[in-house]
Structure formats: C-alpha cells, structure tokens
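Quick notes on the structure that follows.
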Amino acid sequence: MVSEAIAEILALDAARADALVRIDIAFLDRITSEDYTHVESSGHTRTKAEFLDGLREGAFRFETFAIDENHVRLFGDTAIVTGRYHNDIRTPAGLQPTKYARHIRVYVRRGGAWRNVAHQATEAPRDWSS
C-alpha cells in the first residue's frame with residue numbers, strides 16, 4: 001500500500017510539471033489546496049490564486065520543466081517530496097537562463113485525493129549532487 005501511494009505521488013508530481021508547461025490551469029487548480037504556499041527560489045511567496053493568476057496571465061510561462069530527481073516520504077496522509085529539477089521560464093522580459101533547483105513539495109490527502117499544499121525551491125548549481 002505504501003509503494004502504491006508513493007507511485008501515485010510521483011505520477012501526480014510529474015503530471016503537475018507537465019501541466020505547468022501546458023498551462024493546464026484546471027488541472028493545477030484541482031490538485032492545489034486553497035491554503036497553498038509557493039516559495040520561489042528568490043524567496044518571494046505566492047498564494048494559490050497568485051501563482052495560478054500569474055501563469056494564466058502570462059507573467060511567467062514554463063517552456064520546459066524537468067524533474068531530475070524525486071524522493072517521497074509518507075507520514076500517514078502527508079507526503080513530502082524532495083528532489084531536483086530544472087526549467088526554462090519565459091517572462092515579459094524574455095527567456096530566462098535555465099534554472100536548476102532543489103525542491104520540497106508537500107501533498108496532503110484530503111477527501112481521498114492528494115492536494116499540493118506547499119512548494120519551496122532553492123536555486124542550486126547544475127552539478128550540485130548532494
């Protein structure tokens with residue numbers, strides 16, 4: 001059962017990355033908790049509404065989003081996902097340099113479905129392996 005939950009979280013997190021690139025606001029809205037906190041690698045924070053509105057309105061667009069490494073730890077109905085990713089983001093100023101980062105995302109199972117309640121990224125060198 002634990003391995004099934006871990007596989008479910010890994011699949012959901014991969015689908016989240018894909019939805020960011022496709023700008024699938026409906027999917028992101030569905031899997032993101034209303035009390036979501038998004039902490040960017042710059043330290044700036046956003047609520048669910050601010051994050052989704054920024055994506056919807058073109059304040060930023062993910063050209064690519066690749067998860068390089070993901071690990072899941074389960075604590076009952078809470079899943080902690082840690083790993084590394086890289087992405088290419090376009091802003092009104094143009095395509096930004098590829099960002100390499102470590103992340104932590106927290107998912108909580110509510111009403112039988114996993115919801116993303118928190119994300120934090122820390123920018124890291126491309127070759128930072130530990």
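Cβ-Cβ contacts under 9 Å between residues 6 or more apart (or on different chains), taken from a first residue in segment 76-100 that is surrounded by fewer than 13 Cβ atoms within 10 Å (Cβ to Cβ) to a second residue that is of a type in the set (Val, Ile, Thr), are listed as Asp77/Val108; Leu95/Ile89.
Scanning segment 33-47 for residues that are within 19 Å of Ala93 (Cα to Cα), under 13 Å from the mean Cα position of the chain (by Cα) and of a type in the set (S, T, N, Q) turns up just one, Ser41. Only one of the listed residues (Glu4, Glu34) is part of a helix (DSSP H, G or I), out of contact with any Phe, Trp or Tyr (no Cβ under 8 Å at 6 or more places or on another chain), closer than 15 Å to Trp114 by Cβ and of a type in the set (Asp, Glu). That residue is Glu4.
Quick check: is even one residue across segment 49-58 within 19 Å of Arg109 (Cα to Cα) and touching a Leu at 6+ places or on another chain (Cβ under 9 Å)? No: zero hits.
All of Thr82, Thr78, Thr64 fail the test of being in contact with a His (Cβ under 6 Å, 6 or more places away or on another chain) and either at pLDDT 95 or above or under 18 Å from Met1 (Cα atoms) (or both), apart from Thr82.
Looking only at residues in segment 109-125 that are surrounded by fewer than 17 Cβ atoms within 10 Å (Cβ to Cβ) and in a strand (DSSP E or B), which one is nearest to the chain's Cα centre (by Cα)? Ranking the qualifying residues of segment 109-125, first place goes to Ala118. Considering only residues in segment 48-63 that are more than 15 Å from the chain's Cα centre (by Cα) and part of a helix (DSSP H, G or I), the one that is nearest to Val21 (Cα to Cα) turns out to be Arg56.
The values are calculated or read from the model by the stated rules, or taken from the named source; none is laboratory data. Computed from a predicted structure; not experimentally measured. All Cβ positions, even for glycine, are placed from backbone atoms using ideal geometry, and neighbour counts span all protein chains on display.
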